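Read the structure below first, then the notes.
Computed from the coordinates by the stated procedures, all read-outs in this text should not be read as laboratory data. Remember, predicted model here, so these are calculated numbers, not experimental data. Counting neighbours? That spans all protein chains shown, and the Cβs are built from the backbone with ideal geometry, glycine included.
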Amino acid sequence: GAVVSQHPSRVICKSGTSVKIECRSLDFQATTMFWYRQFPKQSLMLMATSNEGSKATYEQGVEKDKFLINHASLTLSTLTVTSAHPEDSSFYICSAPGTVLGETQYFGPGTRLLVL
Amino acid sequence: EDKVVQSPLSLVVHEGDTVTLNCSYEVTNFRSLLWYKQEKKAPTFLFMLTSSGIEKKSGRLSSILDKKELFSILNITATQTGDSAVYLCAVSRGSEKLVFGKGTKLTVNP
């Protein structure tokens with residue numbers, strides 16, 4: 001099946017710094033990618049849809065100036081958490097649609113962010 | 001508002017038991033329902049269901065969808081400790097976006 005990678009897998013940073021997370025589709029092109037956040041013992045919450053060549057669309061309640069998304073190519077989307085704070089500590093997962101209709105999502109392995 | 005509700009939230013069984021996980025949904029423009037297994041990292045795909053009444057099966061796991069009553073079940077027979085995970089139900093709603101339930105945490109004890 002299709003493979004999606006994420007980097008880094010784990011990051012610890014100080015409060016106030018910015019962190020960039022990369023999501024790559026390794027053997028297929030993805031014009032759309034999704035970014036999710038998962039807090040402990042909670043389900044995945046969609047944060048935003050990353051669109052290649054255009055602006056990302058954000059879900060209600062997600063600050064677009066805090067979570068910057070760039071979909072620079074058909075295989076790469078990046079999420080930058082700007083001025084991170086401890087409450088941003090979470091598990092961030094990206095996914096890409098794996099079929100023409102997009103129902104099947106291929107998930108990256110996730111990035112665990114800890115902000116001290 | 002679109003929602004996906006899973007039950008139970010948590011389940012503890014012994015190896016060899018059979019379990020049934022439930023997922024009900026209310027979404028506009030339903031397209032498909034998906035089941036994922038999540039261990040320590042990102043979810044792994046199990047099933048995608050689009051038609052009512054057609055059981056999908058993979059080894060000891062099976063799933064079926066009822067579009068009239070708006071629910072799906074995931075069955076696991078002869079459970080093993082390796083089945084311990086969070087099982088997520090998600091619904092595709094006419095776009096590529098998925099709406100996830102909170103998951104059922106399954107613990108299989110030896």
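Just want to confirm a number: the relative contact order over chain B, from Cα pairs under 8 angstrom separated by 6+ residues, in percent.
Computed over chain B, the figure is 38 percent.
Could you grab the relative contact order for chain A? Cα pairs under 8 Å, six or more apart, rounded to a whole percent.
36
Based on the alpha-carbon gyration tensor of segment B:33-80 and its eigenvalue square roots a ≥ b ≥ c, which shape applies: rounded if a/c is under 1.5, prolate if not and a/b is larger than b/c, or oblate?
oblate
Rounded, prolate or oblate: which fits segment B:41-110 when a ≥ b ≥ c are the square roots of the eigenvalues of the alpha-carbon gyration tensor, with rounded for a/c under 1.5 and prolate only if a/b beats b/c?
Note, shape of segment B:41-110 comes out oblate.
If you find the alpha carbon centre of segment B:74-110 and of segment A:14-37, how far apart are they in angstrom?
Value for the Cα centre distance between the two parts: 24 Å.
Would you pull out the residues with amide H under 5 Å of B:Asp17's amide H, same chain only if 5 or more places away, H placed 1.01 Å from N?
B:Thr79
Tell me which of B:Trp35, B:Phe45, B:Leu65 sits at the most positive position along the dipole axis of segment B:9-65, charges placed on C-beta atoms (Lys, Arg +1; Asp, Glu -1).
Selected residue: B:Phe45.
Taking GluC sites (Glu not before Pro) as exposed when DSSP calls them loop (any state but H, G, I, E, B) and at most 10 other Cβ atoms lie within 10 Å, what is the longest stretch of chain B free of them, the sites themselves excluded?
B:2-68
Please list, by residue number, every one of the chymotrypsin sites (Phe, Trp or Tyr not before Pro) in segment A:1-78 that is coil in DSSP and has at most 15 other beta-carbon atoms within 10 Å.
Filter output for segment A:1-78: A:Phe28.
Can you spot the lysines whose alpha carbon is less than 27 Å from A:Lys55's alpha carbon? Ignore those fewer than 8 places along the same chain.
A:Lys20, A:Lys64, A:Lys66, B:Lys3, B:Lys97
What do you get for trypsin sites (Lys or Arg not before Pro) in segment A:14-79 restricted to DSSP loop and a cutoff of at most 16 other Cβ within 10 Å of the site's Cβ?
A:Lys14, A:Lys41, A:Lys55, A:Lys64, A:Lys66
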